[in-house]
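Worksheet: the structure to be examined is printed underneath.
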Amino acid sequence: METSGQGQAFQADWLSKTLAGMLLGLALAYVSIALFAWYGPGGIDAQDKVQFNMWMITPIWFSIFSATYLFRTGKRAWLLLGIPTLALYGVFFLLRSMA
């Protein structure tokens, strides 16, 4: 275990953190792009928006994925990525049902 400057231990949970980044990071990237695609400028039918959205998923996903190793534990990574993912999917489906 390594310790940060404040004396709190980081746990190595590499497998748990990697799976959280792969699965929840990708889900979070998808829902972020979906919200932008449907409710961003010009809506879903804006010119060249589909291509832009397609190319933006990877940098968003990899940014989230790389940041998962900064969580103290794998459980914390799952929790702190899972809550916003579920919340954003809830918002997305709520907005889609009202449209």
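About its Cα centre, how strong a charge dipole does the chain have in debye, to the nearest 20, once Lys and Arg get +1 and Asp and Glu get -1 at the Cβ?
Charge dipole, the chain, about its Cα centre: 220 debye, nearest 20.
One equal scatterer on each Cα of the chain, no solvent, Debye formula: the resulting log10 I(q)/I(0) at q = 0.18, 0.19 Å⁻¹ is -0.84, -0.89.
Arranged from fewest to most other beta-carbon atoms within 10 Å of their beta carbon, Ser16, Ser66, Ser97 become Ser97, Ser66, Ser16. Remark: relative contact order (the chain) = 42 percent; criterion is Cα-Cα distance under 8 angstrom and separation of 6 or more residues.
Once the chain from Arg72 to Asp45 is taken as fully extended at 0.36 nm per residue, the excess over their C-alpha distance is 5.6 nm.
Going by neighbour counts of Cβ atoms within 10 Å, the residues Val91, Val31 line up, fewest first, as Val91, Val31.
Each value in this text was obtained by applying a stated rule to the coordinates, not by laboratory testing. The structure displayed is predicted, hence computed values, not measured ones. Glycine also receives a Cβ, built like all others from the backbone with ideal geometry; neighbour counts cover every protein chain displayed.
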